[in-house]
Each structure stands twice: as structure tokens, then as C-alpha cells.
Amino acid sequence: GPDIGEALSSERFKLANNFSPEPIDGWNAAPYIALTKKFPEASQHMAILGANQPTGHAIYLAQKQAMIKAGMKIVYDDPNIEPTQTDFSSDAQAMKAAGAMGIVWQVTAGVMANTARAIQNAGIENFQVATWGTNAYDRAFLQQAGSAAEGSVIYLPEALYQGEDAAVVPMVATFNKWYQALYHQPPDTFAMYAWMSGLLFVEGLDNDTFVQLAEEAK
């Protein structure tokens, strides 16, 4: 049957029956190109971290490829961060020794906050490009990172779905209304993708798209 949901792995994305609300295979290099132009020195002294599990590693590889395509140079590279890791002081010290001036790291809000605090505590001077992933839009990142979040650059290809864009994007207003009614808190990335997947599912049912494409994929 149809698989309707955000495909984080390339393998899932390429399945004939996957219907992703954000159909992008790989990683968009455009933000890194913009950052390279805005921060030319820092772009040549970047760090990248990756989670040591299948989906996290796939994201790490895609991001790394996009960074290189954008002209960035990586001076510190650690793809083996354990999902349970909470102390990033050793990575921060290694970044400092390598002369890192920026980072790319896509993981949960809490882990990114821990990393930001470790970088701050390491006293890395001239750290210009703290490029956190989409989960840094979660308010938990700001709450847990505190002053270490200052100067962060958050890569967010979606509308500001926690409410800032509600006046100009009607669907954001609708999403916020129902999410608040049900859960009484701001939505996070997972809620946003679940909402979009639900909309895609309903649209497919309305016009029999999923049934037709699933039959063709057999």
C-alpha cells in the first residue's frame, strides 16, 4: 500500500509507493552556498557531526556532500556521535584545535543545545557559523542552549509553523489552531511533518491518486 510520510533515507524515498510531503532526495546545497558567500573565512573552517545510526549517518553524508558542493572546507569531521551522547566537550575541544569557525549538525533540539553549550564553554573565538538543523526551531533548543544559542543560523525550508507565519500562510494558522486545541503547546518538527503527511493522504484519497500509483508500482 501507499507509504505516506517524510522519507529521511534515500532508500525509503526511492520506493515506488513512498509519497513524501517534502520530496527531496539528498540535501539542498543552497543554504551552504549562501553561507559561503556571507562567511567566506568561516566556510573554509567548518566542522560537521553525524549520528552513529543509519538515518543519522545518511543525513550526515548528504549534508557533507552539499557542503563540499557549496565550496566549504571541513576541518573537523566526526560521523560517530552516539545517539545517547550528552557531553560534547571533547568534540568542542577538538574543533577548537582544528581551527573550526562553524558547524553543521542535524539532530534533536536537546543534543544541538548540548553541543552549542560545549562550544561556548570551549571558548572558541570567532565561531561565526553555528548552522543547526531544522529541529533547532523547536523552542527547547533556545531554552536549553541559553546564551550559547546567540548567533545561531537555523536551516529551515518550511514556513515558520509555530505561528510567526500564521498571518501570511493560512495553513499555518489552521495547523496551530488544532495543534493547540489538542496538545496545548507549540508544535515541533515531527508534528509539522505529520500534519503535512495527513494532508497529502487526504488529498490522495480525494482523487484516488494513491490507489492508481500503487497499482502502477506493482
### Summary
Candidate cut points under trypsin sites (Lys or Arg not before Pro) in segment 69-170, DSSP loop plus at most 16 other Cβ atoms within 10 Å of their own Cβ, are LYS73
### Summary
For segment 150-195, the per residue accessible area (1.4 Å probe, Å²) is 61 Å²
#### Entry: segment 112-174, dipole about Cα centre (Lys/Arg Cβ +1, Asp/Glu Cβ -1), debye to the nearest 20
160 debye
## Note on the structure
The percentage of the accessible area of the chain (probe 1.4 Å, all protein chains present) made up of carbon and sulfur atoms, to the nearest whole number, is 56 percent
### Task
Find which of GLN44, SER9, ALA58 sits farthest along the positive direction of the dipole of segment 1-74, computed with +1 on the beta-carbon of Lys and Arg, -1 on that of Asp and Glu, about the Cα centre.
GLN44
### Task
Quick one: how many lysine pairs does the chain have with C-alpha atoms less than 18 Å apart and a gap of 8 or more or different chains? Give me the count, please.
8
### Task
Using only Cα atoms, tell me the angle between helix 54-69 and the longest principal axis of the chain; keep it within 0 to 90° and round to the nearest 10.
70 degrees
### Message
Taking the Cα centre as origin and putting +1 on Lys and Arg beta-carbons and -1 on Asp and Glu beta-carbons, what dipole magnitude results for the chain, to the nearest 20 debye?
### Response
600 debye
### Solvent-accessible area per residue, Å², over segment 1-92 with all protein chains present [probe radius 1.4 Å]
53 Å²
### Query
So, in Å, what gap is there between the alpha-carbon centers of segment 54-89 and segment 168-210?
30 Å
### Task
Give me the Kirkwood hydrodynamic radius of segment 1-157, using the inverse of the mean 1/r over all pairs of distinct Cα atoms, in Å to one decimal.
15.9 Å
### Task
Keeping every protein chain in place, order HIS57, HIS184 by accessible area at 1.4 Å, biggest value first, i.e. largest first.
HIS184, HIS57
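The values are calculated or read from the model by the stated rules, or taken from the named source; none is laboratory data. Fair warning: this is a prediction, and the values are worked out from it, not measured in the lab. With ideal geometry, Cβ positions are generated from the backbone for all residues, glycine too; neighbour counts draw on all protein chains shown. All accessible areas refer to the heavy atoms of the entire protein, side chains included, with ligands and DNA or RNA removed. Shrake-Rupley method; radii C 1.70, N 1.55, O 1.52, S 1.80 Å.
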